[in-house]
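Comments concern the structure below.
The values are calculated or read from the model by the stated rules, or taken from the named source; none is laboratory data. It should be emphasised that the depicted structure is a prediction, and the values quoted were computed from it without experimental measurement. All Cβ positions, glycine included, derive from the backbone under ideal geometry; neighbour counts span all protein chains shown. The area values use the complete protein model at the heavy-atom level, side chains included, leaving out ligands, DNA and RNA. Shrake-Rupley method; radii C 1.70, N 1.55, O 1.52, S 1.80 Å.
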Amino acid sequence: MKYGGTSVENAEKFLNSAKIAIETYNKGNEVVVIVSAMSGVTDMLLDAANKSLKGENISQIINELRSKHFEACKNIIDKELLSNTKKSIENLLLDLEKSLMGVHYLGELSLRSKDRIVSFGERLSSLILSKTIQSQGLSSEKIDAFSLIVTNNMFGEASVFFDKSYTKISDSISPLLKKDTIPVITGFIAKSIDGDITTLGRGGSDYTASIVGAGIDADEIWIMTDVDGIMTTNPKICSSAYTIPEMSYLEAMELAYFGAKVLHPRTIEPAISKNIPVRVKNSTSDSLGTLILKNTKKNHKVVKAISIIENASIIYVSGAGMIGVPGVAANVFKALGDNNINVYMISQGSSEANISFVVSEKDVEKSENALRKAFPTKDLVRDISHIKGVNIISVVGKGMQGAVGTAAGLFSAIAKDNINILMISQGSSEVSISFVVSKEDGHRAIRAIHKAYLE
Ligand code: ADP
Ligand code: ASP
Ligand code: MG
């Protein structure tokens, strides 16, 4: 059972989340809880890290963190339990302050230090949730995922060594479950083989939940969040969005990969490997949410959901010298891969004189530098250029497989709204079609497709 930041944003939400875990346990289930940092805390920690780097005073942020977390302990009624919890919070904040001082004095903020600094968010919230469960009379233990999840040292977005992690998870968690204890595990964070703290990427607590779920062979993995499950699109963009009762692993993966923030893009992988159903539910309502399974019942709808990746950029690589020369595309993508740049979409014109692809806006300069290094002369690649500020819209649905005219229908729905398409790509599985529009058109495109296919 994983609680996101909004499900622990204050003392009431901590108590609510603790009660759901206890209720589920009292129905005869074994329960393992994963928790994110309190809403906004990861950003506050990153802000503190950047301020320390610039030599600015961080005492105000530390004070804010202290009062936010102290305030969140309000429902730990037992006096001794409360005072112990506050002491542990103080100790964590002291440790955090030391890390921030390190950044300040060295004038250096590596990805490694950043991961160490943001890890405090989950370390604080897991402490409070575990103590809130204890204060309701149940046995609970807070566990830092450092001792469970082993990764490489790609700080900021580390890769998990599954077999090693599964063994550690099962060895540590199973005995606790036998002792009728509810473990509360930090989401998002892990440790590298060398013993450094790493993170699994923003929003990574969902991923922690499925890694732990797979490690203990859970019957179900529940992602408890602030909406009624996976919806036809982000309800913040389109007010007529509604909950999808069932999805396949493949559909959920495509949707998450293409930007639906409700699930971290890698959440589904560990679940697939052990065939564990994933349920996405609202932590503050009784709705059933969305059940994600290997196979779903047939759904007559062609399009199931629409997602968006904002802050993306198209990069164009062109040159007449590329025509008919084998290996140019391979070298383009090798250069990007070697620099850890994630490519969302690729398109190559049939003339072969150009290749275009989409990356996150933050990776544009890094991509262009990598390509200039890989193609130092202008013989093959003459021009490298980009358009910043584009959105990728992805339309997902198993029903699109073999359905004639889906692409035509989608594009005419968008054309009616006068929206210009900059690039198109269809996944080979036919479960999704993605296209790129300028950022001014992104939300309008979503609403146009939602209206045409889902209302
Ligand atoms: P948590 O803190 O629980 O991890 P997130 O903010 O990471 O929650 O994810 C939930 C949010 O994802 C929702 O509030 C919603 O705005 C957004 N979202 C984007 N796409 C979708 C979608 N297709 N269905 C539901 N929510 C979505
Ligand atoms: N706290 C982390 C973040 O804000 C992880 C998570 O919330 O899932 O990205
Ligand atoms: Mg999230």
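Just a yes or no: is a residue in region 266-276 open to solvent by 40 Å² or more (accessible area, probe 1.4 Å), within 14 Å of ligand 3 (Cβ to nearest atom) and either touching a residue at least 40 places away in the same chain (Cβ under 8 Å) or assigned to a helix (DSSP H, G or I) (or both)? Spell out how you get there, then give the answer.
First, the residues of region 266-276 that are open to solvent by 40 Å² or more (accessible area, probe 1.4 Å): 266, 269, 272-275.
Of the ones still in play, those that are also within 14 Å of ligand 3 (Cβ to nearest atom) are 266.
The next check asks that each one be either touching a residue at least 40 places away in the same chain (Cβ under 8 Å) or assigned to a helix (DSSP H, G or I) (or both); those that pass are 266.
For region 266-276, residues open to solvent by 40 Å² or more (accessible area, probe 1.4 Å), within 14 Å of ligand 3 (Cβ to nearest atom) and either touching a residue at least 40 places away in the same chain (Cβ under 8 Å) or assigned to a helix (DSSP H, G or I) (or both): present.
Filter region 218-236 down to residues that are assigned to a loop (DSSP other than H, G, I, E, B) and open to solvent by less than 20 Å² (accessible area, probe 1.4 Å), then give me how many there are.
First, pick out the residues of region 218-236 that are assigned to a loop (DSSP other than H, G, I, E, B): 218-220, 226-230, 232-236.
So of that shortlist, the ones also open to solvent by less than 20 Å² (accessible area, probe 1.4 Å) come out as 229-230, 232-233.
Total satisfying the criteria: 4.
Could you run through region 304-332 and say how many residues are in contact with a strand residue (DSSP E or B) (Cβ under 9 Å, 6 or more places away or on another chain) and either loosely packed, with under 15 Cβ neighbours inside 10 Å or not hydrophobic (A, V, I, L, M, F, W, C) (or both)?
Count: 8.
Pairs only if they're at least six apart or on different chains, beta carbon under 8 angstrom, first in region 220-236 and under 14 Å from ALA260 (Cβ atoms) and free of Cβ contacts under 8 Å to residues at least 12 places away in the same chain, second among the aliphatic types (A, V, I, L, M) and within 14 Å of ligand 3 (Cβ to nearest atom); list them, first residue then second.
Taking only residues 6 or more apart or on different chains, the pairs are PRO235/VAL227.
Does any residue of region 231-243 turn out to be among the hydroxyl-bearing types (Ser, Thr, Tyr) and within 30 Å of MET154 (Cα to Cα)?
Going through region 231-243, the residues among the hydroxyl-bearing types (Ser, Thr, Tyr) turn out to be 232-233, 239-240, 242-243.
Now drop any that are not within 30 Å of MET154 (Cα to Cα), which leaves none.
Checking region 231-243: not a single residue is among the hydroxyl-bearing types (Ser, Thr, Tyr) and within 30 Å of MET154 (Cα to Cα).
Among the residues of region 431-452, write down those that are among the hydrophobic types (A, V, I, L, M, F, W, C), within 22 Å of HIS386 (Cβ to Cβ) and in contact (Cβ under 8 Å) with a residue 60 or more places away in the chain. If you could, list the steps in order and put the result at the bottom.
Our first condition is that a residue be among the hydrophobic types (A, V, I, L, M, F, W, C); within region 431-452, this holds for 431, 433, 435-437, 445-446, 448-449, 452.
Right, trim to within 22 Å of HIS386 (Cβ to Cβ) and you get 435-437, 445.
Correct list: VAL436 only.
Residues in region 431-455 that are surrounded by 15 or more Cβ atoms within 10 Å (Cβ to Cβ) and of a type in the set (Asp, Glu): how many?
1
Where in region 345-455 are the strands (runs of 3 or more DSSP E), entirely inside, with at least 3 residues that are of a type outside the set (D, E, K, R) and at pLDDT 90 or above?
Values: elements: 354-360, 383-396, 423-426, 432-438.
Answer list for region 345-455: 354-360, 383-396, 432-438.
Here are some conditions: (1) more than 10 Å from ligand 1 (Cβ to nearest atom); (2) within 28 Å of GLY442 (Cβ to Cβ); (3) surrounded by 18 or more Cβ atoms within 10 Å (Cβ to Cβ); (4) touching a residue at least 60 places away in the same chain (Cβ under 8 Å). LYS301 meets all but one. Which one does it not meet?
(3)
Of the residues that make up region 8-20, is at least one away from ligand 2 (no atom under 16 Å from the Cβ), buried (at least 17 other Cβ atoms within 10 Å of the Cβ), under 27 Å from the mean Cα position of the chain (by Cα) and under 20 Å from PHE188 (Cα atoms)?
yes
Applying the selection to region 1-52, what residues are assigned to a helix (DSSP H, G or I) and among the polar types (S, T, N, Q)? Please lay out each step first, then the result.
The initial filter retains those residues of region 1-52 that are assigned to a helix (DSSP H, G or I), namely 5-8, 11-26, 41-52.
If the condition is that a residue be assigned to a helix (DSSP H, G or I) and among the polar types (S, T, N, Q), then THR6, SER7, ASN16, SER17, THR24, ASN26, THR42, ASN50, SER52 are the ones that fit.
Mind listing whichever residues of region 254-269 are of a type outside the set (D, E, K, R), over 13 Å from LYS304 (Cβ atoms) and away from ligand 2 (no atom under 14 Å from the Cβ)?
Selection gives TYR257, GLY259, ILE268.
For the structure I just gave you, tell me whether ALA18 is in contact with a Ser or Thr (Cβ under 6 Å, 6 or more places away or on another chain), away from ligand 1 (no atom under 13 Å from the Cβ) and within 23 Å of ILE133 (Cβ to Cβ).
Working: in contact with a Ser or Thr (Cβ under 6 Å, 6 or more places away or on another chain): yes; away from ligand 1 (no atom under 13 Å from the Cβ): yes; within 23 Å of ILE133 (Cβ to Cβ): yes.
When the stated conditions are applied, ALA18 passes them.
Please verify whether region 343-353 includes one or more residues that are within 16 Å of ligand 3 (Cβ to nearest atom) and among the polar types (S, T, N, Q). Step through it out loud before you land on a result.
So the first thing to find is which residues in region 343-353 are within 16 Å of ligand 3 (Cβ to nearest atom), and the list is none.
Within region 343-353, not a single residue is within 16 Å of ligand 3 (Cβ to nearest atom) and among the polar types (S, T, N, Q).
Checking LYS398 against (1) open to solvent by less than 60 Å² (accessible area, probe 1.4 Å); (2) closer than 24 Å to MET231 by Cβ: exactly one of these is not met. Which one?
The failed condition is (1).
Condition check: of a type in the set (S, T, N, Q) and buried (at least 18 other Cβ atoms within 10 Å of the Cβ). Does SER240 satisfy that? Step through it out loud before you land on a result.
Values: of a type in the set (S, T, N, Q): yes; buried (at least 18 other Cβ atoms within 10 Å of the Cβ): no.
It is false that SER240 is of a type in the set (S, T, N, Q) and buried (at least 18 other Cβ atoms within 10 Å of the Cβ).
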